[in-house]
């Protein structure tokens with residue numbers, strides 16, 4: 001049958017199961033949860049096996065089958081969980097994942113499954129399987145291979161069709177069928193042997209019954225997968241040789257009636273209107289292609305822009321009836337937008353769940369001991385945002401494992417527990433999600449960063465100390481890396497700067513706090529969605545700029561007396577805090593304002609610190625739809641996108657993360 | 001009127017495929033279940049002509065579900081869907097009252113043959 005239409009379903013579901021396998025393998029390794037980990041892994045592997053066999057993905061099916069065999073031994077207690085067993089299982093899970101992807105993409109050549117299959121087999125089978133050599137007995141040339149059992153009654157000999165799946169069970173089913181016709185006095189081979197598949201295709205049953213030979217034959221054939229049946233009177237030795245029954249396909253058919261049904265079920269009948277399966281559906285979820293949701297998001301984005309224009313027109317015309325309708329339509333559009341945005345939200349665990357495995361492998365590779373915990377798994381983010389943020393987080397985690405932590409011995413010498421703590425957390429903060437990667441490792445080596453910065457002429461020669469802000473500024477520079485050697489963990493040429501640029505491209509910001517000997521915390525602040533943002537509109541010299549509310553904390557009027565200069569930098573005192581100031585005019589390359597008048601300060605929240613942005617004036621909040629933007633001047637990096645405002649004019653969106 | 005089927009499997013993939021095979025043969029899939037518990041509930045509610053039952057499912061496996069369903073309706077017609085290597089479990093399911101079995105990977109013709117055997 002054509003299975004290609006199921007490939008997508010196979011992929012989605014198999015990925016979920018592979019992820020679950022990894023999760024439970026880690027639990028198993030920790031020795032947590034009693035029998036549950038093994039059962040859960042078994043179930044997932046088993047499901048993958050069934051699906052892949054159906055799809056005809058032989059390698060996946062074989063791998064999952066061997067994993068299942070091994071797990072079954074564990075479950076039965078005949079195989080103990082040793083580090084070696086764990087190692088094989090982890091390895092197998094990796095190859096399984098590759099094989100799943102490769103099978104669907106049709107590039108199985110890339111997957112090398114043989115080594116792990118051999119290891120699985122070596123552990124999975126207690127004794128090398130004695131290939132129960134099913135001597136292919138050419139039918140019609142030989143005698144029945146099963147001995148006639150002793151006992152009273154008719155002798156019923158049965159030969160199963162060659163390709164019978166689960167022969168033992170089929171034989172059992174046939175014996176059950178015969179039982180309904182009378183009393184069974186003997187079975188050969190024994191029932192236990194039959195069930196264990198320890199027979200060729202033949203078996204024989206002694207049956208005491210009133211039924212006629214024809215009736216018995218009919219019943220046996222109707223049990224399915226029967227190639228031949230013969231009924232002999234008891235003790236009728238002369239008939240010990242069966243008559244040749246040509247094993248044609250027709251002979252393998254259980255019965256004439258079934259054949260007719262089978263045909264009716266094939267395409268000749270397929271154009272009969274299929275009855276829609278609606279009644280009784282209990283599933284409360286549907287799976288939707290992400291592209292559909294993207295399309296919906298785009299449409300609602302356009303609708304939001306149109307609404308903005310309508311509102312402006314409404315304000316101009318000032319017609320009560322129009323305004324009332326507009327208000328109602330606006331509310332409906334807002335509700336619709338919320339629904340669509342919500343439907344795109346997925347919990348972060350969907351991506352975070354693969355990290356424990358990654359950290360474990362990375363730590364093991366370096367002989368480090370790390371306890372990795374994830375907090376805030378249920379925090380939700382837009383699906384596309386989550387997909388985008390996965391790689392940067394992987395990078396941060398790898399960096400932490402690779403450079404952040406010392407080995408257990410060095411940690412103990414430094415007076416710390418041998419086991420390092422690595423925490424990945426997500427929390428919701430108004431219209432932003434804050435993700436933190438925190439380690440209790442060595443901290444960033446400021447001396448080395450400073451030396452390197454001096455070398456590259458990035459700091460004054462006289463500078464002796466780096467602040468956290470300096471650190472962020474330096475580390476985020478493309479190509480700035482202090483790693484002495486390239487390991488296979490952090491890779492080559494991709495530094496933290498890649499994380500910064502990725503996060504900023506998403507409209508987010510990054511901060512780093514690091515203390516020598518205590519640890520490093522990297523904070524990412526991200527908007528909830530990529531496409532539609534609430535923004536504060538600001539005005540400078542008649543131009544409008546949009547500032548995403550993700551980063552807005554509050555706005556205040558600029559008071560001359562609160563301004564001072566600190567270490568050569570303009571700062572402002574706000575209540576207890578001292579905020580560094582940035583001037584939007586300077587950022588967009590305009591001269592300072594000459595006319596007097598009130599200026600405003602927007603207190604912006606960067607990933608982990610605050611700053612003030614001085615603007616000429618504020619023009620209210622608006623929902624904006626982020627459009628791709630192609631900077632003409634590539635040296636201005638202050639913008640992350642553009643948008644169209646309610647009045648139809650374009651505005652640039654400020655990239656808060658790049659401001660410093 | 002077409003005959004009704006309840007399809008039980010924890011994988012959407014499998015439910016979809018079995019459902020498609022049966023629908024193309026004129027059956028009406030009236031319900032789906034992804035656990036043994038759901039299978040029993042759905043059976044009681046829908047009283048389908050046929051049940052296809054996966055063996056390995058979370059929340060009560062297929063075999064226990066067969067026991068529960070047969071206890072409720074001794075005439076229930078249940079077809080087990082098994083994988084290679086589950087001999088013992090299939091035997092157990094048949095002892096519990098399942099009528100026949102098919103083995104993954106499914107071939108539509110084999111599934112439909114088995115269905116006809118079950119429905120007699």
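Since every read-out is calculated from the coordinates, none of them should be taken as a lab result. As the structure is a computational prediction, the values presented were derived from the model and not from experiment. Because the Cβ atoms are built from the backbone with ideal geometry, glycine has one as well, and the counts that use them run over all protein chains shown.
Can you classify chain B as rounded, prolate or oblate using the Cα gyration tensor, where a ≥ b ≥ c are the square roots of its eigenvalues, rounded means a/c under 1.5, and otherwise it's prolate if a/b beats b/c and oblate if not? In terms of gyration-tensor shape, rounded.
Between residue A:427 and residue A:560, the contour length at 0.36 nm per residue exceeds the Cα-Cα span by 44.2 nm.
Under the classification rounded if a/c is under 1.5, otherwise prolate if a/b is larger than b/c and oblate if not, where does the range A:572-625 fall, given a ≥ b ≥ c as square roots of the Cα gyration tensor eigenvalues? Verdict is oblate for the range A:572-625. Working note: Cα gyration tensor of the range A:3-51, eigenvalues times five, square-rooted, sorted largest first, giving semi-axes of 25, 10, 5 Å. Using R₀ = 45 Å, calculate the FRET efficiency as 1/(1 + (r/R₀)^6) where r is the Cβ-Cβ separation of residue A:377 and residue A:193; round to 0.05. With a Förster radius of 45 Å, E is 0.30.
Is the shape of the range A:534-624 best called rounded, prolate or oblate, per the rule: a/c under 1.5 gives rounded, else a/b larger than b/c gives prolate, else oblate, with a ≥ b ≥ c the square roots of the Cα gyration tensor eigenvalues? Cα axes put the range A:534-624 in the oblate bin. Put in order of Cβ neighbour count within 10 Å, fewest first, the listed residues B:81, B:8 become B:81, B:8. Each of the peptides A:188-201, A:208-221, A:59-72 was scored by the mean count of other Cβ atoms within 10 Å over its residues; in descending order, highest first, they stand as A:59-72, A:188-201, A:208-221.
Each label point was placed 7 Å from the Cα along the Cα-to-Cβ direction; for residue A:309 and residue A:569 their separation is 4.3 nm.
Counting neighbouring beta carbons within 10 Å and listing from fewest to most, the residues A:582, B:80 come out as A:582, B:80. Among beta bridges identified by DSSP and lying wholly in the protein assembly as shown, the antiparallel ones come to about 75 percent. Solvent-free Debye calculation, one equal scatterer per alpha-carbon of the range A:386-455: log10 I(q)/I(0) at 0.13, 0.18, 0.22, 0.26 Å⁻¹ equals -0.52, -0.84, -0.99, -1.11. In terms of packing, defined here as the mean over residues of other Cβ atoms within 10 angstrom, the peptides A:44-55, A:383-394, A:641-652, B:53-64 line up highest first as A:44-55, B:53-64, A:383-394, A:641-652. When only alpha carbons are used to place a centre, the range A:197-232 and the range A:27-61 end up 38 Å from one another.
Shown is the FRET efficiency for residue A:577 and residue A:621, computed with R0 = 25 Å from the Cβ-Cβ distance and rounded to the nearest 0.05: 0.60.
Of A:114, A:497, B:10, B:100, the sequence from fewest to most neighbouring Cβ atoms within 10 angstrom is A:114, A:497, B:100, B:10.
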